[in-house]
Amino acid sequence: MKENLKSLVQLQIVDSQMHDIEIAKGDLPETVNKLTEEVNSLEKYISEKGKALKNAQLERRNVDGLVNLSSEKLKKLQNQLYDVTTNREYDALTTEIETEKNNIEDNENKILELYSFEDDTAKEIETKKKELAKLKKELKEKDSELKKLIKMNQEKENRLLNERENIIVRVNKRLLKNYIRIHKYHKNGLAVVPVSRNACGGCYNTIPPQKLVEIRKMDKVIACEVCGRILVWRDNGSIT
Ligand SMILES: [Zn+2]
């Protein structure tokens, strides 16, 4: 049984390393996906703001043209004032002149509003572009980190799987089944834990002295009464 327990410790060491790889992988792809989404939506936002800016510039030029037309018309109307002969003509002309003056004022206000909108939008685009550059840099870093990790882990994982196969053949089948069951049950992937400071290394429940003596012998499988993990004796109180 002693050899069996020693093999289980070896198996736990290998499985813990595989667990670590899984955890490391589990985090990065999510980060890369999130950053990719953020980059895409920010790019879309910037492009929409760019379109709005262009539209505002076009509209401002149109309104500018309208102001020019009104100004020319106004000049002509004002010149015609010298040629009027009747009061009715005079009244009609002054009404037209008022209308053009109002048009010019309205359009000039519109131009000011458009200028202010263009300014704000251009500033916002600039800020967002800086934000985008930062995000893209972060994405590039995380993406290459992930690719490296995948490549690096491929070799490590293969090596661990090999080691695992070699250990498994040395472990009693019933014990192995038990180990796998406990391993699946605990999220941190710990099925075999050392006694550490007279307590279970998995759940930190204190172990009675009589049981400590038995565990120390390492000649039978003893499980923690609280968490069910297999307890082993390690002089350094650590599994490794
Ligand atoms: Zn425990």
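Only the coordinates and a few stated rules stand behind these numbers; no lab work does. Bear in mind the structure is a predicted one, so any value in this text is a computation, not a measurement. No Cβ is skipped: glycine too gets one built from the backbone with ideal geometry, and neighbour counts run over all protein chains shown.
In the structure shown, do any of 34/136; 44/151; 51/129; 184/211; 128/148; 34/187 have a Cα-Cα gap over 21 Å, and if so which? Intermediate results must be reported in sequence, preceding the final value.
On the way: 34/136 12 Å; 44/151 32 Å; 51/129 15 Å; 184/211 25 Å; 128/148 30 Å; 34/187 25 Å.
Too far apart for the 21 Å limit: 44/151; 184/211; 128/148; 34/187.
Could you tell me what percent of the DSSP beta bridges with both partners in the stretch 173-232 are antiparallel, to the nearest 5?
Values: 5 of 8 bridges.
Here the antiparallel bridges make up roughly 60 percent for the stretch 173-232.
Do any trypsin sites (Lys or Arg not before Pro) in the stretch 176-227 lie in a loop, going by DSSP, with at most 15 other beta-carbon atoms within 10 Å of their beta carbon, and if so which?
Here the sparse-neighbourhood loop sites are 187, 197, 220.
Could you work out how far the C-alpha centroid of the stretch 53-92 sits from that of the stretch 187-240, in angstrom?
Between the Cα centre of the stretch 53-92 and that of the stretch 187-240, the gap is 95 Å.
Helix-only estimate, please: 222 nm mean residue ellipticity of the chain, summing -39500 (n - 2.57) across DSSP H runs of length 4 or more and dividing by its residues, to the nearest 500.
Computed ellipticity for the chain at 222 nm equals -28500 deg cm²/dmol.
Any idea what the dipole of the chain comes to, in debye rounded to 20, about its Cα centre with Lys/Arg Cβ at +1 and Asp/Glu Cβ at -1?
2980 debye
Could you tally the net charge around residue 127, taking each other residue with its Cβ under 12 Å from the Cβ of residue 127, Lys/Arg +1 and Asp/Glu -1?
Neighbourhood net charge equals +2.
Suppose R0 equals 51 Å; then what is the FRET efficiency for residue 38 and residue 84 from their Cβ-Cβ distance, rounded to the nearest 0.05?
According to the calculation, E is roughly 0.15.
Leaving out same-chain residues fewer than 8 places away, which lysines sit with a Cα under 26 Å from that of residue 75?
101, 110
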